[in-house]
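Colleague: What follows is a structure written as structure tokens; I'll ask about it next.
The values are calculated or read from the model by the stated rules, or taken from the named source; none is laboratory data. In this text the structure is predicted, and so the values were computed from the model without any measurement. As a convention, Cβ positions derive from the backbone with ideal geometry for all residues, glycine included, and neighbour counts pool all protein chains shown. Ligands, DNA and RNA are excluded from the accessible area calculation, which covers all protein heavy atoms including side chains. Shrake-Rupley method; radii C 1.70, N 1.55, O 1.52, S 1.80 Å.
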Amino acid sequence: MTDYVELAELADSLFEASDDDDELLAKILDTLDEETRRALLSSDLLNAYQVFYYYFRETPDELTMERLQLHAASDLARGLVIDEVDLYEVIFSMEDGEPVVILTDGENTLARFSGPEAYAKIALYMEECL
């Protein structure tokens, strides 16, 4: 599905069906074919928080959620700072359709995890190593 109008109509119907319930939206996204789901998860039709929730199935702290809600899902291609711990930044991005979470000091990558467990793994890494 590459037609933007059809994709926008689908997104509207998903939002109506899920009634702002993140868990329900994620479950509905699971039912879509992979091509359509990837198109939505990388579009301007969803926000970055909806993509975050889809992949990690957890609600982050309020500041992280607000940061993600202010950006379109398409912004994840270049990465978004979702948290700051001391001198470090946690960046959430999408690479080749996979979620990636990176811990950086601005110049060097200290840790990088990908896949559905990436957010939990970066949290554990920060707890143990920072």
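Colleague: With an 8 Å cut-off on Cα pairs and a minimum separation of 6 or more residues, tell me the relative contact order of the chain in percent.
Modeller: Working: 179 pairs, mean separation 19.5, N = 130.
Over the chain, the number comes to 15 percent.
Colleague: Please give the calculated 222 nm ellipticity per residue for the chain, where each DSSP H segment of at least 4 residues contributes -39500 (n - 2.57) and the sum is spread over every residue; nearest 500 deg cm²/dmol?
Modeller: Numbers: 6 runs with 62 residues, N = 130.
Only helices count here, giving -14000 deg cm²/dmol.
Colleague: Using a 1.4 Å probe and counting only protein heavy atoms, arrange Asp19, Asp30 so the residue with the most accessible area comes first.
Modeller: Details: Asp19 120, Asp30 75 Å².
Final ranking, largest accessible area leading: Asp19, Asp30.
Colleague: Starting from the 7 Å offset along Cα-to-Cβ, what nm value, one decimal, do you get for the label separation of Leu87 and Thr36?
Modeller: 4.9
Colleague: For the pair Val5 and Ala120, what calculated FRET efficiency results from E = 1/(1 + (r/R0)^6), where r is the Cβ-Cβ distance and R0 = 25 Å, to the nearest 0.05? It would help to have the intermediate numbers written out before the result.
Modeller: Values: r = 37 Å, r/R0 = 1.49.
The value I calculate is 0.10.
Colleague: On average, how much accessible surface per residue is there in the chain, in Å², for a 1.4 Å probe, leaving out ligands, DNA and RNA? Numbers along the way, then the final one.
Modeller: Working: 7430 Å² over 130 residues.
That works out to 57 Å² for each residue.
Colleague: By how many degrees, between 0 and 90 and to the nearest 10, does the Cα long axis of helix 4-18 differ from the longest principal axis of the chain?
Modeller: 80
Colleague: Oh, and also: In region 1-106, carbon and sulfur make up what percent of the accessible area (probe 1.4 Å)? Walk me through the numbers before you get to the answer.
Modeller: On the way: 2600 of 5730 Å².
Of the solvent-accessible surface of region 1-106, carbon and sulfur hold 45 percent.
Colleague: Would you please state the base-10 log of I(q)/I(0) at q = 0.15 1/Å for the chain, with intensities from the Debye formula using one equal scatterer on every alpha carbon?
Modeller: Reported log10 I(q)/I(0), two decimals: -0.68.
Colleague: Rounded to the nearest 10 Å², what accessible area does Arg112 show when all protein chains are kept and the probe is 1.4 Å?
Modeller: The accessible area of Arg112 comes to roughly 120 Å².
Colleague: Using DSSP loop states and a limit of at most 15 other Cβ atoms within 10 Å to flag GluC sites (Glu not before Pro), what is the longest stretch of the chain containing no flagged site?
Modeller: On the way: sites that count: Glu58, Glu107, Glu117.
Of all site-free stretches, the longest is 1-57.
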